[in-house]
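The values are calculated or read from the model by the stated rules, or taken from the named source; none is laboratory data. Quick caveat, the model's predicted, so the values are computed rather than measured. So basically every Cβ, Gly included, is an ideal-geometry build from the backbone, and we count neighbours across all protein chains shown.
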């Protein structure tokens with residue numbers, strides 16, 4: 001008898017909802033899937049919204065939000081939007097170059113570089129963004145409203161205001177080796 005775990009299905013299989021495909025250039029993470037119901041004459045009509053984060057694990061990340069009448073179409077739309085909204089995440093030695101705080105509405109996200117071996121100390125949406133961007137060591141704190149959409153937007157506000165390590169070194173009048181040690 002064949003067990004479902006041997007096929008990679010069931011409990012513990014397909015972690016992170018990465019979608020299939022051998023020649024994939026992007027990592028796709030489903031952050032939130034929401035079902036809404038509209039009451040019509042014949043009963044309830046369901047629609048779905050999906051929030052996804054994609055990245056190439058080399059410093060490019062994007063997020064997208066899609067709505068449709070079925071789950072797979074909503075996820076596809078959100079991934080297409082995420083591919084169009086890609087931004088550069090400065091990564092050096094597996095971490096970010098400096099501390100930064102980003103705000104969006106009532107959500108605030110604080111990101112702090114961490115030494116090698118720390119791992120990604122972040123929850124939910126911030127963890128998905130950092131993993132997709134190729135960051136391996138970072139400390140983060142989400143303050144205020146915990147709406148996943150707002151936390152994603154606040155994290156991308158951090159990323160958009162982040163300086164590259166070379167820019168910081170030039171502004172301080174130091175070499176890159178002096179800055180990173």
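List the residue pairs whose Cβ atoms are under 6 Å apart, where the first residue sits in region 155-175 and is at negative phi and in contact (Cβ under 8 Å) with a residue 12 or more places away in the chain, the second is in a helix (DSSP H, G or I) and surrounded by 12 or more Cβ atoms within 10 Å (Cβ to Cβ), and the two are 6 or more positions apart or on different chains.
155/126; 155/129
For region 75-83, state whether one or more residues are under 19 Å from residue 57 (Cβ atoms) and assigned by TED's automatic domain parsing to the domain that holds residue 176.
Within region 75-83, not a single residue is under 19 Å from residue 57 (Cβ atoms) and assigned by TED's automatic domain parsing to the domain that holds residue 176.
Kindly list the number of the only condition in (1) touching a strand residue (DSSP E or B) at 6+ places or on another chain (Cβ under 6 Å); (2) in a helix (DSSP H, G or I); (3) within 14 Å of residue 30 (Cβ to Cβ) that fails for residue 126.
(3)
Of the residues in region 111-127, how many are under 30 Å from residue 47 (Cβ atoms) and surrounded by fewer than 18 Cβ atoms within 10 Å (Cβ to Cβ)?
2
Of all the residues that make up region 145-170, how many are over 14 Å from the mean Cα position of the chain (by Cα), within 16 Å of residue 130 (Cα to Cα) and buried (at least 18 other Cβ atoms within 10 Å of the Cβ)?
Qualifying residue count for the region: 1.
I'm trying to understand the selection: among the residues of region 93-110, which are farther than 13 Å from residue 161 by Cβ, loosely packed, with under 15 Cβ neighbours inside 10 Å and in contact with a strand residue (DSSP E or B) (Cβ under 6 Å, 6 or more places away or on another chain)?
Across region 93-110, the qualifying residue is only 106.
Kindly provide the set of residues from region 61-86 that are surrounded by 15 or more Cβ atoms within 10 Å (Cβ to Cβ) and touching a helix residue (DSSP H, G or I) at 6+ places or on another chain (Cβ under 7 Å), ordered by number.
Hits for region 61-86 are 61, 62, 63, 64, 65, 66, 68.
For residues that are surrounded by fewer than 19 Cβ atoms within 10 Å (Cβ to Cβ) and under 17 Å from residue 56 (Cβ atoms), tally how many sit in region 128-144.
Of the residues in that region, 2 qualify.
Filter region 159-169 for residues that are assigned to a helix (DSSP H, G or I) and in contact with a helix residue (DSSP H, G or I) (Cβ under 9 Å, 6 or more places away or on another chain); which is farthest from residue 85 (Cα to Cα)?
The first filter runs over region 159-169 and keeps only residues assigned to a helix (DSSP H, G or I), leaving 159-161, 165-169.
Subset that is in contact with a helix residue (DSSP H, G or I) (Cβ under 9 Å, 6 or more places away or on another chain): 159, 165-166, 168-169.
Values: 159: 13, 165: 23, 166: 24, 168: 25, 169: 28 Å.
This residue is 169.
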